[in-house]
1. Please list, in order along segment B:154-166, the HN-Hα scalar couplings obtained from phi with the Karplus expression 6.51 cos²θ - 1.76 cosθ + 1.60 (θ = phi - 60°), rounded to whole Hz, x for Gly and Pro.
2. Just grab the label-to-label distance for A:His21 and A:Thr152, each label 7 Å out from Cα along the Cβ direction, in nm (one decimal).
3. Averaged across A:154-167, how many Cβ atoms of other chains sit within 10 Å of each residue's Cβ atom?
4. Using the Kyte-Doolittle scale, find the helices of chain A whose mean hydropathy is at least -0.5 and whose Cα atoms extend 24 Å or more along the helix's long axis, counting only whole DSSP H runs.
5. Given a Förster radius of 56 Å and the C-beta distance between A:Leu8 and B:Asp52 as r, what FRET efficiency does 1/(1 + (r/R0)^6) yield to the nearest 0.05?
6. Principal axis extents for chain A, Cα atoms only, whole Å, descending order, please.
7. Provide the FRET efficiency to the nearest 0.05 for the B:Thr60-A:Thr31 pair, computing r from the beta carbons and using R0 = 41 Å.
8. At R0 = 25 Å, how high is the FRET efficiency between B:Arg91 and B:Ala128 if r is their beta carbon distance? Nearest 0.05 is fine.
Amino acid sequence: MAVNQAYLLPCGRDVEDVWEHLDSGDEHDRTCPYCQSTRQSLSVLRGLTKELAEEDIAPSLDLTGRIMAAVRAEIRRHELLGPPGGVRVSTQAVAAVLRFAADGVPGVRARRCRVIEAPGDDQAIEVTLTIAVEFGLFALTALDEVRDRVATAAQAQVGVRLARLDLSVDDLYETGEDA
Amino acid sequence: MPALDTDLDTATLVARARDGDVRAYEEVVRRYQAPMYRLALRMLSRAADAEDVVQDVFLTAWRRLSQLHDDGAFVGWLYRTTTNRCLNVIRARKPLSDVDLDTTESPSPAGRPDRAAETGAQMTALVAALDELTPEQRACWLLREVHGRSYEEIALTIGATATAVRGRIARARAQLAEVMSPWR
């Protein structure tokens with residue numbers, strides 16, 4: 001089916017043509033009665049569409065709560081670090097501490113953070129961290145600062161040695177984006 | 001000073017949620033439940049059905065986060081999943097003739113609290129006209145004209161070519177404009 005001939009007016013023009021030239025009609029558009037009335041209908045539609053796009057209809061106030069209750073009920077069992085029988089800590093809790101440390105560096109936002117126990121050493125961890133950096137603000141020295149802060153946080157706040165940190169920058173962000 | 005969750009960009013929140021950060025995911029839900037709800041409401045016309053779809057979409061999203069490899073593609077995924085859930089709900093509905101009319105909701109605007117706010121007669125007419133489109137046409141038109149999604153993404157959503165999507169939107173627009181003629 002030819003897209004451009006979906007709705008032909010008696011004058012031979014297509015409704016879609018009128019729509020595309022709604023703000024810049026030619027002589028025919030201004031004088032043809034079919035085109036004129038179509039233009040007016042389309043203008044009303046355009047105004048209402050804008051209203052529809054901006055309308056302030058929200059779901060029930062408790063919808064977030066219902067969604068999150070279902071989500072929390074599904075949270076998978078966390079992997080634990082530390083010697084069996086001793087004090088063990090969830091890798092997700094450690095990841096949260098390390099992300100927070102990396103976030104402290106200006107122009108850096110921690111994204112994925114995977115924490116595993118270092119092979120053969122239950123007092124050390126290996127970490128894979130991806131970060132997004134702010135466009136225009138980020139400096140290469142910031143990567144060293146992220147390494148320092150993450151290592152310090154692991155030692156001081158969790159009590160484990162950072163045996164390895166794979167750090168990668170996987171995105172740029174601009175201030176105010178999405179916020 | 002680390003940014004609050006509410007200040008972070010969506011891709012960062014999604015990446016954290018993928019690591020099991022529930023608070024980051026809650027912020028994602030707060031940010032996108034309203035647009036998904038508005039899309040579902042216009043697709044389904046019933047507030048309760050729309051909320052069920054949104055709840056289902058965000059729970060499914062949480063379960064599938066680990067399979068999502070591009071954090072920046074998450075919002076497109078939400079639109080796609082919401083649209084498809086709505087189309088499934090419509091397909092599962094009984095044809096009107098099979099339904100006992102005494103037990104169904106009144107189709108009049110007065111019987112629907114979610115439409116009571118639409119006092120404008122034009123808007124009421126537009127919303128009624130949307131219901132007259134085929135579900136796929138309605139989805140294409142809403143995604144493009146109200147939610148600003150790309151033709152390519154819409155094509156992927158409903159399993160058609162971008163050209164076919166343009167055609168559906170053109171026909172939807174012509175049909176809707178006809179209903180607008182009493183006000184021109």
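Every number here is computed from the coordinates shown, using simple stated rules; none is lab data. These numbers come from a predicted model, not from an experiment. When we count neighbours, we look across all protein chains shown, and the Cβ atoms used for this are built from the backbone with ideal geometry, even at glycine.
1. 5, 4, 5, 4, 9, x, 9, 7, 4, 5, 5, 5, 4
2. The modelled label-to-label distance comes out at 6.7 nm.
3. Details: counts 0, 0, 0, 0, 0, 0, 0, 0, 0, 0, 0, 0, 0, 0.
The mean count of partner-chain Cβ atoms within 10 Å per residue comes to 0.
4. Numbers: long enough: A:33-54 (32 Å, -0.47).
Counting only whole DSSP H runs, the qualifying helices are A:33-54.
5. Working: r = 41 Å, r/R0 = 0.74.
Efficiency computed from Cβ-Cβ geometry: 0.85.
6. 85, 41, 33
7. Numbers: r = 54 Å, r/R0 = 1.32.
My answer for the efficiency is 0.15.
8. Working: r = 21 Å, r/R0 = 0.85.
Working from the Cβ atoms, E equals 0.70.
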